[in-house]
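See structure below.
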Amino acid sequence: MRLSSDQLIYCHHGFFDLNETIVSTWVIMFLLAAGSALITRKLVYEGPVSRWQNVLEIIVTTIQSQIKEVGLKKPEKFIGFIGTLFLFVAIAALLTVVPGYDPPTGSLSTTTALALCVFVAVPLYGIEAGGVSKYLKSFVQPTPIMLPFNIISQLSRTLALAIRLFGNMMSGAMIVAILLTITPFIFPIVMTALGLLIGMVQAYIFAVLAAVYIAAAAETNAA
Amino acid sequence: MINMTAIAVASIVTAGFTISIGCIGPALGEGRAVATALTSVAQQPDAAPTITRTLFVGLAMIESTAIYSFVVSMILIFANPFWTSAVHVGGK
């Protein structure tokens, strides 16, 4: 039994292995990009809108309102990053209904990459909001003794993001695999439905936590 | 091959204890969190969206520790480096 989709390799090329994680990530990227390009070909600005444009508008305005509720005053600056995080993890979980598909977020490499993006984005947004000196000074708030703890908390928050998403996705897939060998009739379907629900909740959690970390860095440093 | 037996026994027993003990704390904590959230929603129903969202974020943070112990037990069973190196040495 393989622990993650990293171990199913399709072809080699020198030292580069094309494994299932990369292929399913490409499929999700293609679906998101091609679907959005198709729907936004003819945007209608007023009057009755088509059904698919309505769906996209609902998604975008919901993400905007959630970002505003977390504390970021101007969601337009952040919705590109946070919205993409949410949509990628949500579509990766939703496509589990397709048979023969393994979510790429069930591999530690994908979740670590996403967490590293958040790790890099938090100082970037913090420096853009208030400048380098103000961001660095926030590490010694409230007293300089807190400096190592603040640094450690930055690193451990990122690690927790990666492991949380990886653990939830991998455990869902593994429980279904184990159940298929014990009671293959109805129970695996129930567990797959639970895995879908957990996947959507984890996508929301990932995006909201990224937004909270960015808000902690950007809004407290805003001039 | 007593070395291989010791590694296997230690890994399996530790994996069992890790997942069973590691799930007690988060389960108790999540129960208390949901109970408090339900009480506050009953007291102030129009704050229900904020309370529900905070509840889900809090539940995810509490769940993380259970996920850590699950990942450790999975590593002990499926991706155990001591076992693979013992098999590599013993198979030669």
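Readers should treat all values here as calculations from the given coordinates under stated rules, not as data from a laboratory. Every value quoted in this text rests on a predicted model; they were computed, and no experiment measured them. All Cβ positions, even for glycine, are placed from backbone atoms using ideal geometry, and neighbour counts span all protein chains on display.
In table form, for the structure just shown:
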| item | result |
| --- | --- |
| Cα Rg, Dmax (largest Cα-Cα span) when computed across the range A:102-159, Å | 14.3, 47 |
| Trypsin sites (Lys or Arg not before Pro) restricted to DSSP loop in the range A:45-122 with at most 16 other C-beta within 10 Å | A:Lys73 |
| Long-range HN-HN contacts of A:Asn19 with modeled amide H, under 5 Å | A:Tyr10 |
| Computed P(r) (all Cα pairs; the range A:54-162; 10 Å bins; percent) | 12, 32, 35, 16, 5, 0 |
| Rounded tilt (10° steps) of A:108-130 against the dominant C-alpha axis of chain A | 20 degrees |
| Long-range tail of P(r) for the range B:2-91 (Cα pairs > 23 Å, %) | 46 percent |
| Rg followed by Dmax, in Å, when the range A:6-109 is reduced to its Cα trace | 17.1, 55 |
| Computed helical MRE - 222 nm, chain B, DSSP H runs ≥ 4 contributing -39500 (n - 2.57), nearest 500 | -31000 deg cm²/dmol |
| Gaussian network model of chain B, Cα within-10 Å springs - most flexible of B:Ser40, B:Ser69, B:Ser11 | B:Ser40 |
| Alpha carbon convex hull of the range A:86-133, volume per residue in cubic angstrom | 55 Å³ |
| 10 Å Cβ neighbours from other chains, averaged over peptide A:207-216 | 1 |
| Cα-Cα P(r), the range A:5-218, percent of pairs per 5 Å interval | 1, 6, 12, 15, 16, 15, 13, 10, 7, 4, 2, 0, 0 |
| Chain A: calculated mean residue ellipticity at 222 nm from DSSP helix runs of at least 4, using -39500 (n - 2.57) | -24500 deg cm²/dmol |
| Length added when fully stretched, A:Val97-A:Arg51, from 0.36 nm per residue minus Cα-Cα | 14.2 nm |
| In sequence order, calculated HN-Hα J values of the range A:132-139 (Karplus, 6.51, -1.76, 1.60; Hz; x Gly/Pro) | 5, 5, 5, 5, 5, 5, 5, 6 |
| Protection proxy ranking, peptides A:203-211, A:126-134, average beta carbon neighbours within 10 Å, highest first | A:203-211, A:126-134 |
| Likely footprinting exposure, B:Ile7, B:Ile21, A:Ile79, fewest C-beta neighbours within 10 Å first | B:Ile21, B:Ile7, A:Ile79 |
| Exercise: per-residue mean of other protein chain Cβ atoms within 10 Å, B:62-75 | 4 |
| Lysines whose Cα lies under 26 Å from that of A:Lys42, excluding same-chain neighbours fewer than 8 positions away | A:Lys77 |
| Nearest-ten-degree value, helix A:20-39 long axis tilted from longest Cα axis of chain A | 70 degrees |
| For A:Asp17, B:Asp46, A:Asp6, A:Asp102, order by how many other beta-carbon atoms lie within 10 Å, fewest first | B:Asp46, A:Asp17, A:Asp6, A:Asp102 |
| Residues B:Glu63, A:Glu20, A:Glu46, A:Glu57 arranged by fewest to most Cβ contacts within 10 Å | A:Glu46, A:Glu57, A:Glu20, B:Glu63 |
